[in-house]
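Engineer: Take a look at the following structure, please.
The values are calculated or read from the model by the stated rules, or taken from the named source; none is laboratory data. What you see is a predicted model, and the numbers here were worked out from it, not measured in a lab. Counting neighbours? That spans all protein chains shown, and the Cβs are built from the backbone with ideal geometry, glycine included. To get the accessible areas, we keep the full protein, side chains included, count just its heavy atoms, and leave off ligands, DNA and RNA. Shrake-Rupley method; radii C 1.70, N 1.55, O 1.52, S 1.80 Å.
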Amino acid sequence: QYTFPPTYAPTFPPTDTPTTPMPTPALTFPPTNTPTIPMLTLAPTTQCDGVFPNGVEKVLLNEGFESSRGSAWGGATTEEYTPGASGAKALAMKYSVNPGGMLPAIRLSVNHKNKCIRGGMELGVSFKVKLLNMTDNDSPVDCIPGVDCPSGRFRARQPDFCNGWYALPRSIVSWNKYEFNEVSSLFTVPVSCEITNWNWFLLDITMGKGYQADTVKMIVDDVKVMIDEGQYTFPPTLAPIMLTDSPTSGQTTTPTTQCDGLFPNNAEKVILNEAFEKKSQKGTTYGKAQTVLESPGASGEKAVAMTISKRNRRPSAIRIKVFTGKSRSKVNACVQGGTQLNISFQAKMLDTANNNSPVDCTPGTDCPTARFRIQNKNPSNGKPLCNGWYDIPKPTTAWNKDEYNTISTVWTVPSKCKVAPWRFIYIDITQGKYYEENNVKLMVDDLKISIKED
């Protein structure tokens, strides 16, 4: 499911986007909070049963847009559209400014959240949608199921427990550009949302990728969110149609059956998803570095900030464990020699000696990057199969010093690492080059590592 980001030649500025409608560079979706172990769906509370008596379906949102236009987020606007998928009206969304790292969306509030929604609970989400090309007399727009068709996310927050954007699993279903298409998925509420007091729980519906401003509009109807109590039926899926990746040297290894069991129903195999919202989530450091949480983050309130007090032989880094506690089972089941990992994070640099002014860098040369510190052992004799530091390929995407930048690449686990168990896997995020002590601060957010599957 990984799509390589567009490369950037350091000596030449990026070319302008063609005037014909086409997508902007591939965007990174906000991280999905995947439970660390397979979870049982939590039963709704007695309060929720009181709202939905006599065993009726617990429908928390049911919007047909006959008399409502919802709201919009991220510079989008909405208007009525006729005809709808099942009624007289639907809702049309468009935007007049090219999207950034977070896609514009139709935003709808989910009802009864305090009485009914709990961490670990599963929600069935569905809506009907089509895309139209505004520059070509509203002609239909095609997309690739499971890759860039319309999708959604939840914007959720509880005081001190969870705060972020949580993407819906992308269903690989058929897409008929001439008709309304039903998008349907099962979403697990993040287990970190431990309490019953929600600041907000909102559903965002997006186009699935970024298009040029004023070129495409999305038509949405029949939005439904309900608590799943075993009645959700997964839509029939198609074989994934994937974009072609650049070849990687060496033979790759597919995840094991045991790994598939930890991520059922074709869920993305996420083994690390860190948004740095709590003090306990700032990670550790390697070398002569210090980290604190600072605001704002790339997609939430906070990010982790690293400064370096003294030069180290090996570049100092923000160090994050790829597994902790029970999540180690995912790493041992899913990661072995030859496995390919998708790595992405958001980063920017600030000049602390100059009032935190933004710092520029040359893509592919000295922009922020990362390495893995890994060791596993031979189960037959206990000796290490691999033990060392392994750099990720240096990303060559464009760098905008005034914004958070998506660092995204694929790394192949060395083949000599052969099998689990792992003693440790860390990811170290570095500034990309050495700066004078305490002069540059590296800001990092939305770190995500997942298994790459063709």
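Engineer: All but one of (1) β-branched (Val, Ile, Thr); (2) at pLDDT below 90; (3) within 30 Å of Lys278 (Cβ to Cβ) hold for Ile144; which doesn't?
Structural biologist: Unmet for Ile144, out of (1) β-branched (Val, Ile, Thr); (2) at pLDDT below 90; (3) within 30 Å of Lys278 (Cβ to Cβ): (3).
Engineer: What pairs can you find where one residue is in the stretch 363-383 and over 26 Å from Val444 (Cβ atoms), the other is at pLDDT 90 or above, and their Cβ atoms are less than 7 Å apart, with a gap of 6+ or different chains?
Structural biologist: Correct list of pairs: empty, since none qualify.
Engineer: Next question, about the same structure. Out of Ile117, Ile106, I need the residue that is open to solvent by less than 10 Å² (accessible area, probe 1.4 Å), touching a residue at least 12 places away in the same chain (Cβ under 8 Å) and more than 21 Å from the chain's Cα centre (by Cα). Which one? It would help to see each step written out before you state the result.
Structural biologist: Values: Ile106 fails: more than 21 Å from the chain's Cα centre (by Cα).
Of the residues listed, the single one that is open to solvent by less than 10 Å² (accessible area, probe 1.4 Å), touching a residue at least 12 places away in the same chain (Cβ under 8 Å) and more than 21 Å from the chain's Cα centre (by Cα) is Ile117.
Engineer: Same structure, new question: Could you list, in sequence order, the residues of the stretch 210-243 that are modelled with pLDDT of 90 or more and among the charged types (D, E, K, R)?
Structural biologist: Once the filter is applied, which keeps residues that are modelled with pLDDT of 90 or more and among the charged types (D, E, K, R), the stretch 210-243 yields Asp214, Lys217, Asp221, Asp222, Lys224.
Engineer: To continue, here is another question. Taking Val125, is it under 28 Å from Leu447 (Cα atoms), open to solvent by 10 Å² or more (accessible area, probe 1.4 Å) and touching a Phe, Trp or Tyr at 6+ places or on another chain (Cβ under 7 Å)?
Structural biologist: On the way: under 28 Å from Leu447 (Cα atoms): yes; open to solvent by 10 Å² or more (accessible area, probe 1.4 Å): no; touching a Phe, Trp or Tyr at 6+ places or on another chain (Cβ under 7 Å): yes.
No; evaluated as a whole, the condition is false for this residue.
Residue by residue, here is whether (1) touching a Leu at 6+ places or on another chain (Cβ under 6 Å); (2) closer than 30 Å to Lys418 by Cα; (3) hydroxyl-bearing (Ser, Thr, Tyr) holds:
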site: Gln336; (1), (2), (3): no, yes, no
site: Phe345; (1), (2), (3): yes, yes, no
site: Asn356; (1), (2), (3): yes, no, no
site: Val359; (1), (2), (3): no, no, no
site: Thr365; (1), (2), (3): no, no, yes
site: Arg371; (1), (2), (3): no, yes, no
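Engineer: I'm checking my understanding of the structure. Among residues of the stretch 358-374 that are closer than 30 Å to Phe263 by Cα and in contact with a Gly (Cβ under 8 Å, 6 or more places away or on another chain), which one is most open to solvent (accessible area, probe 1.4 Å)? So that I can check it myself, show each step before the final result.
Structural biologist: Taking the stretch 358-374 and keeping what is closer than 30 Å to Phe263 by Cα, we get 369-374.
Filter once more, keeping what is in contact with a Gly (Cβ under 8 Å, 6 or more places away or on another chain): 369, 373-374.
Values: Thr369: 14, Arg373: 36, Ile374: 2 Å².
Top of the filtered list is Arg373.
Engineer: Failed condition for Trp165, given (1) out of contact with any helix residue (DSSP H, G or I) (no Cβ under 8 Å at 6 or more places or on another chain); (2) surrounded by fewer than 18 Cβ atoms within 10 Å (Cβ to Cβ), with all others met?
Structural biologist: Unmet for Trp165, out of (1) out of contact with any helix residue (DSSP H, G or I) (no Cβ under 8 Å at 6 or more places or on another chain); (2) surrounded by fewer than 18 Cβ atoms within 10 Å (Cβ to Cβ): (2).
Engineer: For residues that are without any contact (Cβ under 8 Å) to a residue 40 or more places away in the chain and not in a loop (DSSP other than H, G, I, E, B), scanning just the stretch 137-176, find the one that is farthest from Met121 (Cα to Cα).
Structural biologist: Step by step, filter the stretch 137-176, then rank; the result is Ser139.
Engineer: Let me ask something else about it. Give just the number: which of (1) open to solvent by 30 Å² or more (accessible area, probe 1.4 Å); (2) under 18 Å from Asp360 (Cβ atoms); (3) in a loop (DSSP other than H, G, I, E, B) does Thr406 not satisfy?
Structural biologist: (3)
Engineer: Can I ask one more? Out of the residues in the stretch 387-403 that are farther than 12 Å from Phe372 by Cα and not charged (D, E, K, R), which is surrounded by the fewest Cβ atoms within 10 Å (Cβ to Cβ)? Can you show your working first?
Structural biologist: The initial filter retains those residues of the stretch 387-403 that are farther than 12 Å from Phe372 by Cα, namely 394-403.
The next check asks that each one be not charged (D, E, K, R); those that pass are 395-400.
On the way: Pro395: 26, Thr396: 18, Thr397: 21, Ala398: 18, Trp399: 24, Asn400: 12.
The residue in question is Asn400.
Engineer: Let me ask you something else. Where the second residue is open to solvent by less than 10 Å² (accessible area, probe 1.4 Å) and the first is charged (D, E, K, R) and lies in the stretch 78-99, which pairs have Cβ atoms under 6 Å and are six or more apart or on separate chains?
Structural biologist: Pairs that qualify, where the first residue is charged (D, E, K, R) and the partner is open to solvent by less than 10 Å² (accessible area, probe 1.4 Å), are Glu79/Ala92; Lys89/Phe65.
Engineer: Asn33 passes all but one of (1) modelled with pLDDT under 90; (2) open to solvent by 60 Å² or more (accessible area, probe 1.4 Å); (3) in contact with a strand residue (DSSP E or B) (Cβ under 8 Å, 6 or more places away or on another chain); (4) among the polar types (S, T, N, Q); which number fails?
Structural biologist: (2)
A quick yes/no check of all residues on (1) open to solvent by 50 Å² or more (accessible area, probe 1.4 Å); (2) modelled with pLDDT under 90:
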site: Thr307; (1), (2): no, no
site: Gly325; (1), (2): yes, yes
site: Ala333; (1), (2): no, yes
site: Ile343; (1), (2): no, no
site: Ala347; (1), (2): no, no
site: Asp351; (1), (2): no, no
site: Asn356; (1), (2): yes, no
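Engineer: Here is a further query. Hey, can you tell me all the residues within the stretch 273-290 that are open to solvent by less than 20 Å² (accessible area, probe 1.4 Å) and not in a loop (DSSP other than H, G, I, E, B)?
Structural biologist: Ala289
Engineer: What are the residues in the stretch 415-440 that are part of a strand (DSSP E or B) and either free of Cβ contacts under 8 Å to residues at least 40 places away in the same chain or open to solvent by 30 Å² or more (accessible area, probe 1.4 Å) (or both), if any? Before the answer, list the steps.
Structural biologist: The first filter runs over the stretch 415-440 and keeps only residues part of a strand (DSSP E or B), leaving 422-430, 440.
Arg423, Phe424, Tyr426 - these are the residues of the stretch 415-440 that are part of a strand (DSSP E or B) and either free of Cβ contacts under 8 Å to residues at least 40 places away in the same chain or open to solvent by 30 Å² or more (accessible area, probe 1.4 Å) (or both).
Engineer: Just give me the residues in the stretch 177-213 being open to solvent by 50 Å² or more (accessible area, probe 1.4 Å) and part of a strand (DSSP E or B), in sequence order.
Structural biologist: Matches in the stretch 177-213: Glu182, Trp200.
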